[in-house]
């Protein structure tokens, strides 16, 4: 047992002496952050017919650097609460969009830039006519949301994320990960 424990201790010590040259932020970690940390509220809108619309994310997940490469693709459900003359109506909208991840070192956060809505539609089984109250402003609302709300904020209490925040020379998108590298 002593030999095994000594071997483990020496291995850990040697691994600790290796120089760290990058940090990979996994797609799974970004998705966990999106599910647990972001504000789901997107926007309050008023359409030309004075119909109030409140948009919020119900579900949201991302694919990092897969198709197309260097881009974050996302899909999810946007809930729209419409205040119509006949009363309030909730509508779910399936949405797909993509954007270029940008690291903002001052904020320690990754934002989506150049967000492009690829597709959206009212969830099957719901009245499709409600989309007319939402569609004129949906693209703008989603774009503005991701200019103000990061898809991930580096955790300064994590030694490796603090290192990535304070020393990266390069930020890039690889298949399934956001990569901070230095040296």
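Values computed for the structure shown
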{"read-out": "Flag for residue 67 being surrounded by fewer than 19 Cβ atoms within 10 Å (Cβ to Cβ), out of contact with any strand residue (DSSP E or B) (no Cβ under 8 Å at 6 or more places or on another chain) and without any contact (Cβ under 8 Å) to a residue 60 or more places away in the chain", "value": "no"}
{"read-out": "Check on residue 105, within 22 Å of residue 165 (Cβ to Cβ) and touching a helix residue (DSSP H, G or I) at 6+ places or on another chain (Cβ under 8 Å)", "value": "yes"}
{"read-out": "Subset of the stretch 122-146 that is surrounded by fewer than 14 Cβ atoms within 10 Å (Cβ to Cβ) and in contact with a strand residue (DSSP E or B) (Cβ under 7 Å, 6 or more places away or on another chain) - its residue that is modelled with the lowest pLDDT", "value": "128"}
{"read-out": "Residues (closer than 15 Å to residue 26 by Cα and surrounded by fewer than 20 Cβ atoms within 10 Å (Cβ to Cβ)) located in the stretch 52-64", "value": "61, 63"}
{"read-out": "Flag if residue 51 is touching a residue at least 24 places away in the same chain (Cβ under 8 Å) and under 14 Å from residue 141 (Cα atoms)", "value": "no"}
{"read-out": "Considering residues of the stretch 70-93 that are within 16 Å of the chain's Cα centre (by Cα) and not in a strand (DSSP E or B) only, the residue surrounded by the most Cβ atoms within 10 Å (Cβ to Cβ)", "value": "71"}
{"read-out": "Index of the failed condition, residue 59 passing every other in (1) free of Cβ contacts under 8 Å to residues at least 24 places away in the same chain; (2) within 18 Å of residue 116 (Cβ to Cβ); (3) part of a strand (DSSP E or B)", "value": "(2)"}
{"read-out": "Enumeration of residues in the stretch 150-179 that are closer than 23 Å to residue 36 by Cα and assigned to a strand (DSSP E or B)", "value": "152, 153, 173, 177, 178, 179"}
{"read-out": "Any chance residue 92 is closer than 18 Å to residue 31 by Cα, touching a residue at least 24 places away in the same chain (Cβ under 8 Å) and in contact with a strand residue (DSSP E or B) (Cβ under 9 Å, 6 or more places away or on another chain)", "value": "no"}
{"read-out": "Residues being at pLDDT 90 or above and either exposed (fewer than 15 other Cβ atoms within 10 Å of the Cβ) or assigned to a strand (DSSP E or B) (or both) - total across the stretch 1-28", "value": "5"}
{"read-out": "Criterion (touching a residue at least 24 places away in the same chain (Cβ under 8 Å) and under 22 Å from residue 174 (Cα atoms)) met by exactly one of 110, 134, 142", "value": "110"}
{"read-out": "Residue in the stretch 152-174 that is more than 23 Å from residue 24 (Cα to Cα) and either out of contact with any strand residue (DSSP E or B) (no Cβ under 9 Å at 6 or more places or on another chain) or without any contact (Cβ under 8 Å) to a residue 40 or more places away in the chain (or both) present", "value": "no"}
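The values are calculated or read from the model by the stated rules, or taken from the named source; none is laboratory data. For clarity, every value in this text was computed on a predicted model and none was experimentally measured. FYI the Cβ positions are ideal-geometry reconstructions off the backbone, even for glycines, and counts take in every protein chain you see.
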